[in-house]
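Asker: Below you'll find the structure I mean.
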Amino acid sequence: MIDRYLAQFPGNYLFAEVARRAEAMRLGRPGVRLVHMGVGDVTLPLPEAAAEAMARAAREMAGEGGFHGYGPEGGYDFLRRAVAGDYARRGIQVDPEEVFVSDGAKSDCMGLPAMLKRGARPAVFDPVYPAYLGGAALAGRAGEYSAETGRWSRVVYLPCVPENGFSPSAKGCRADYIYLCSPNNPTGTALSAQALKMWVDWANRGRRLILFDGAYCDYLTSGAPWSIYEIEGARTCAVELRSFSKGGGFTGVRCAYAVIPAELERDGCFLGELWRRRQAISFNGVSYVTQRGAEALFTPEGRAQAESRVAFYLRNAGRLREGLEEMGLEAYGGQDSPYVWARAPEGMGSWEWFDLLLERAGVICTPGVGFGPAGEGFFRLTGFASAADTQEALERLAAIC
Ligand SMILES: *Cc1c(COP(=O)(O)O)cnc(C)c1O
């Protein structure tokens, strides 16, 4: 009766295990204040412009003639037009009709592959954002999970390591669709235009599909592409996922969108039309109040407030990266993303280093191997903690490195 893929899914293991070990430490040494540098969620208050827009929308709903029931399944026109306008500012043509508003990029990661046939084979970068594997596994597309190798049998894993600049080659990648995440969680690195062009050509050549996750596009500072649609040919092979979570502080509000170009077609079906049908079947949309809040993030005040928060997280991440390098550690990311990815010292394994850091410094990191087998020997720190905790973590690390 129970779905065996769901039953065997190891997904929750990483963060549950981190919490378990931190709790054991807290109980064992009540005098030590733990500094949490594994935070995977924004921490600063919501941009005021979004809060005010939501308050106004809520009052409007309670007033004469202002009530809104079920909205259009793809999202309200005002938000879809604001999104299209955001692309237009960058010289990218996206029609409001190609924008599909949702309650989160995670939901879209899970849902979009439902348009593909059961046997479609997924590829992911390794290490990887766990939701991509979750989506494939729950759809029965990932095959069997092996705790020994940490891999699903039908998933193509592309190791993302310093040796290949965290940008694996598309050559010989035998999959039907791939999740590309840039800037990347967990490595904090961004893909170049050249790398993206390679994946676009790979997809167009084999009538494959790219699911491009741009959840951290607002963190880009290096000049790497902001959208897959900056790449020639992307409109015939790529869906772009965007979220207000990390750039707009909306993790607790819930709003995101997918862009599906009108010409994106496979086996005689237009994906945008299929997705509209699928959403109409299974989803009743994002609240009017929430969509008004998201719209406010595109106003000059909303933009400035969101940008100042992103700048704060980036400052923390930049300090972490620099600090680790000063200690002689090999560190990446932090420039285009709130994440810093670093190699554990002296060839230590991810969990071995996690324990040592926790024991001797009272600092909590996220073990790299938890994101995939190629993450073994690495750890992730985030810029989401306070400036004081970020500084404190660096001082404690320096004392043991
Ligand atoms: C946080 C995150 C998201 C955002 O998911 P939401 O459901 O929109 O909050 C998407 N992709 C990656 C890689 C993330 O880290």
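The values are calculated or read from the model by the stated rules, or taken from the named source; none is laboratory data. It should be emphasised that the depicted structure is a prediction, and the values quoted were computed from it without experimental measurement. Positions of Cβ are backbone-derived with ideal geometry, glycine not excepted, and every protein chain shown enters the neighbour counts.
Asker: Are any of the residues in region 128-139 in a loop (DSSP other than H, G, I, E, B), modelled with pLDDT of 95 or more, over 17 Å from the mean Cα position of the chain (by Cα) and away from the ligand (no atom under 16 Å from the Cβ)?
Answerer: Checked region 128-139: no residue is in a loop (DSSP other than H, G, I, E, B), modelled with pLDDT of 95 or more, over 17 Å from the mean Cα position of the chain (by Cα) and away from the ligand (no atom under 16 Å from the Cβ).
Asker: May I pose another question? Can you go through Asp355, Asp336, Asp267 and tell me which one is in contact (Cβ under 8 Å) with a residue 60 or more places away in the chain and either touching a Cys at 6+ places or on another chain (Cβ under 8 Å) or within 27 Å of Val200 (Cβ to Cβ) (or both)? Even if it seems obvious, please write down each step before you answer.
Answerer: Working: Asp355 fails: either touching a Cys at 6+ places or on another chain (Cβ under 8 Å) or within 27 Å of Val200 (Cβ to Cβ) (or both); Asp267 fails: in contact (Cβ under 8 Å) with a residue 60 or more places away in the chain.
Just a single option satisfies the conditions, and that option is Asp336.
Asker: What residue, of Arg278, Arg208, is more than 24 Å from Gly85 (Cα to Cα), away from the ligand (no atom under 11 Å from the Cβ) and either among the hydrophobic types (A, V, I, L, M, F, W, C) or touching a Cys at 6+ places or on another chain (Cβ under 9 Å) (or both)? Show your work before the answer.
Answerer: Numbers: Arg278 fails: either among the hydrophobic types (A, V, I, L, M, F, W, C) or touching a Cys at 6+ places or on another chain (Cβ under 9 Å) (or both).
Arg208 is the lone residue from the list that is more than 24 Å from Gly85 (Cα to Cα), away from the ligand (no atom under 11 Å from the Cβ) and either among the hydrophobic types (A, V, I, L, M, F, W, C) or touching a Cys at 6+ places or on another chain (Cβ under 9 Å) (or both).
Asker: What residue, of Ala398, Ala388, Ala374, Ala393, is in contact with a Pro (Cβ under 7 Å, 6 or more places away or on another chain) and within 25 Å of Gln335 (Cβ to Cβ)? Give the steps one after another, and end with the answer.
Answerer: Numbers: Ala398 fails: in contact with a Pro (Cβ under 7 Å, 6 or more places away or on another chain); Ala388 fails: in contact with a Pro (Cβ under 7 Å, 6 or more places away or on another chain); Ala393 fails: in contact with a Pro (Cβ under 7 Å, 6 or more places away or on another chain).
None of the other options fit; the residue is Ala374.
Asker: Suppose we keep only residues that are free of Cβ contacts under 8 Å to residues at least 60 places away in the same chain and assigned to a loop (DSSP other than H, G, I, E, B) within region 211-223. Which one would you say is farthest from the ligand (Cβ to nearest atom)?
Answerer: Ranking the qualifying residues of region 211-223, first place goes to Gly223.
Asker: Here's a follow-up. Can you name the number of the only condition in (1) touching a strand residue (DSSP E or B) at 6+ places or on another chain (Cβ under 7 Å); (2) surrounded by fewer than 21 Cβ atoms within 10 Å (Cβ to Cβ); (3) in a loop (DSSP other than H, G, I, E, B); (4) at pLDDT 95 or above that Val94 fails?
Answerer: Condition not satisfied by Val94: (2).
Asker: Look through region 1-48, keep the residues that are in a helix (DSSP H, G or I) and acidic (Asp, Glu), and return whichever of them is nearest to Gln391 (Cα to Cα). If you could, list the steps in order and put the result at the bottom.
Answerer: Start the filter on region 1-48 by keeping residues that are in a helix (DSSP H, G or I), which leaves 4-8, 13-28, 48.
Imposing the further condition that a residue be acidic (Asp, Glu) reduces the set to 17, 23, 48.
Working: Glu17: 25, Glu23: 23, Glu48: 27 Å.
Here the answer is Glu23.
Asker: Would you tally the residues in region 100-121 being touching a strand residue (DSSP E or B) at 6+ places or on another chain (Cβ under 9 Å) and more than 15 Å from the ligand (Cβ to nearest atom)?
Answerer: The initial filter retains those residues of region 100-121 that are touching a strand residue (DSSP E or B) at 6+ places or on another chain (Cβ under 9 Å), namely 100-109, 111-113, 115-116, 120-121.
Add one more test, that the residue is more than 15 Å from the ligand (Cβ to nearest atom), and what stays is 115-116, 120-121.
Number of matching residues: 4.
Asker: For Trp226, indicate whether it is more than 15 Å from the ligand (Cβ to nearest atom), among the aromatic types (Phe, Trp, Tyr) and in a loop (DSSP other than H, G, I, E, B).
Answerer: Numbers: more than 15 Å from the ligand (Cβ to nearest atom): yes; among the aromatic types (Phe, Trp, Tyr): yes; in a loop (DSSP other than H, G, I, E, B): yes.
Answer is yes for this residue.
Asker: Moving to a separate point now. Scan region 234-271 for residues that are loosely packed, with under 15 Cβ neighbours inside 10 Å and part of a loop (DSSP other than H, G, I, E, B) and jot them down.
Answerer: Hits for region 234-271 are Gly252, Ala262, Glu263, Asp267, Gly268.
Asker: Something else about it: Scan Ser227, Ser192 and give me the residue that is in contact (Cβ under 8 Å) with a residue 12 or more places away in the chain and crowded, with 20+ Cβ neighbours inside 10 Å.
Answerer: Details: Ser192 fails: crowded, with 20+ Cβ neighbours inside 10 Å.
Selected residue: Ser227, the only one of Ser227, Ser192 that is in contact (Cβ under 8 Å) with a residue 12 or more places away in the chain and crowded, with 20+ Cβ neighbours inside 10 Å.
Asker: Considering only region 178-195, state which residues are outside any loop (DSSP other than H, G, I, E, B) and more than 16 Å from the ligand (Cβ to nearest atom). Steps first, please.
Answerer: Let us first name the residues in region 178-195 that are outside any loop (DSSP other than H, G, I, E, B), namely 178-181, 193-195.
Scanning region 178-195 gives Ala193, Gln194, Ala195.
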